[in-house]
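The values are calculated or read from the model by the stated rules, or taken from the named source; none is laboratory data. Computed from a predicted model, the values in this text were never measured in an experiment. Ideal geometry is used to build each Cβ from the backbone, glycine not excepted, and the neighbour counts take in all protein chains shown. These accessible areas exclude ligands, DNA and RNA; they are computed on the full protein's heavy atoms, side chains included. Shrake-Rupley method; radii C 1.70, N 1.55, O 1.52, S 1.80 Å.
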Amino acid sequence: MQKVIQVNNQKLKQMAHYYSQFSSKKVPTGALFSINSGSATVTGYYSGKVMFQGKTASAEAAKWQSNSIHSLDTPKKMGTTLPADFANWSVLGSDEVGAGAYFGPLTTAAVYVSQENLEWVRALGIADSKTLTDDRMKKIAPQIIAKLPHHVVNLMPEKYNQLQPLHNVNQMKAISHNFALGKVLDKIFPITPQAILIDQFAQQSTYFNYLKNAKQQRIIHENVYFTTKGEQYHLSVAAASILARVVELDAMSKLSVEAGIKLPIGAGREVDTVAAELLRRGIDLKHYAKLHFANTKKAERLL
Ligand code: MN
């Protein structure tokens, strides 16, 4: 199913913002964004043309055609509204990295920061976790590991490639978050956090549908909150983000040693060149890379 609508510049920007929560696809020439919501592909062009494709194309397009645009779940409203003083609560936070990188794992971490430990974590200087260098994070992660209850799910490429045809990336994220959160809850039992904060990558209802469809035995849903930029709302998410990143970097180093060539992060041109070099050496990419990315085809073409 396909549906095309025309919007003005302001609405196009609004849409780009709204859809930024979904996994982005390769943006075609002339387009501002292209995403996959799980049931529809949405591509917004600078011309104001927006194309919807897939099962829910019509319903998705209808959201933007009606005049009741403000009743739509905007990103601000999409996340659960966090209670006042949330930053000072005892919170179990989770975040993942690697979903947009061709080489390496999809890594998800959950970290519990109790009220008593908030000061200690604050002193690590991680509030602005997105601005920290890799080296800085590598120094901080061992301290987080030593002090705070945590769990990391590190989905290496080989396993990822097995799951990927059946589960979309957001479903793999949901399963990983749910699993990591459950592990930490077990570790800290009988203490329960005041709240769980998941750095948001899908709508709340979609997140829980992913878990239901994957027939997860135990679904963590009590006191679960979702927000994008979660690291700004609680240090537990900042700590989880750092931990996930450092585990990802570590996996990248090990894979690089195995491959005998430095595997770059991301999904850019350099990645294609290195992937083509691996192919030239007769190395099977499935051990190193997320095969469904367009980079695989590009590397084959380069070869
Ligand atoms: Mn995140």
For segment 221-303, the convex hull over Cα atoms projects on average to an area in nm² of 7.2
Rounded to whole Hz, the Karplus (6.51, -1.76, 1.60) HN-Hα couplings of segment 295-303, x for glycine and proline: 4, 4, 5, 5, 5, 4, 5, 4, 5
Using modelled amide H (1.01 Å from N, peptide plane; none on Pro or chain starts), what sits under 5 Å from the amide H of TYR225, excluding residues fewer than 5 places away? ILE196, LEU197, ILE198
When you count, for each residue, the other Cβ atoms within 10 Å and take the mean per peptide, how do 8-17, 195-204, 33-42 rank with the highest first? 195-204, 33-42, 8-17
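Where does each of LYS262, LYS212 land when they are ordered by accessible area, with a 1.4 Å probe and the largest first?
Details: LYS262 160, LYS212 130 Å².
So, going from the largest accessible area down, we get LYS262, LYS212.
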Once phi is turned into ³J(HN,Hα) by the Karplus curve 6.51 cos²θ - 1.76 cosθ + 1.60 with θ = phi - 60°, what whole-Hz value does each residue of segment 259-273 show in order, with x for glycine and proline? 6, x, 7, 6, 7, x, 7, x, 9, x, 5, 4, 4, 4, 4
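When only the heavy atoms of the protein chains count and the probe is 1.4 Å, how do ARG245, ARG301, ARG122 rank by accessible area, highest first? Please report the intermediate quantities before stating the final value.
Working: ARG245 55, ARG301 180, ARG122 100 Å².
Accessible-area ranking of ARG245, ARG301, ARG122, largest first: ARG301, ARG122, ARG245.
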Quick one: if you take sqrt(5λ) for each eigenvalue of the C-alpha gyration tensor of segment 1-64, what semi-axes come out, biggest first, whole angstrom? 15, 13, 11
Counting C-alpha atoms alone, how compact is the chain: give Rg to one decimal and Dmax as a whole number, in angstrom. 20.1, 57
Quick one: which residues, 5 or more positions from THR41 or on another chain, have an amide H under 5 Å from its amide H? H modelled 1.01 Å from N in the peptide plane, none for Pro or chain starts. GLN53, GLY54
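Please go through segment 209-303 and write out the GluC sites (Glu not before Pro) that DSSP classes as loop and that have at most 16 other C-beta atoms within 10 Å. If you can, show how the numbers build up before the last one.
Working: sites: GLU222, GLU231, GLU248, GLU258, GLU270, GLU277, GLU300; in loops: GLU222.
Within segment 209-303, the qualifying GluC sites (Glu not before Pro) (loop, at most 16 other Cβ atoms within 10 Å) are GLU222.
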Nearest 500 deg cm²/dmol is fine: what mean residue ellipticity at 222 nm does the chain get from its DSSP H runs of n ≥ 4 alone, each adding -39,500 (n - 2.57), divided by its residue count? -13500 deg cm²/dmol
Karplus couplings for segment 200-211 from phi (6.51 cos²θ - 1.76 cosθ + 1.60, θ = phi - 60°), rounded to Hz, Gly and Pro as x? 6, 10, 8, 5, 3, 5, 5, 3, 6, 5, 4, 5
To the nearest 10 Å², what's ASP85's accessible area with a 1.4 Å probe? 100
Along the Cα→Cβ direction, 7 angstrom out, place labels at ASN8 and ALA84. What is the inter-label distance in nm? 3.7
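Report in % the part of the accessible area of the chain that belongs to carbon and sulfur, leaving out ligands and nucleic acids; probe 1.4 Å.
Working: 7800 of 14900 Å².
Using a 1.4 Å probe with all protein chains present, the chain comes out at 52 percent carbon and sulfur.
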Search the structure for amide H atoms under 5 Å from the amide H of PHE33, placed 1.01 Å from N in the peptide plane, and list their residues when 5 or more places away or on another chain. GLY44
For TRP120, TRP89, TRP64, the accessible-area ranking with a 1.4 Å probe, largest leading, is TRP120, TRP89, TRP64
For segment 86-253, what does the alpha-carbon gyration tensor say about shape, rounded, prolate or oblate, given a ≥ b ≥ c as the root eigenvalues, a/c under 1.5 as rounded, and a/b over b/c as prolate? oblate
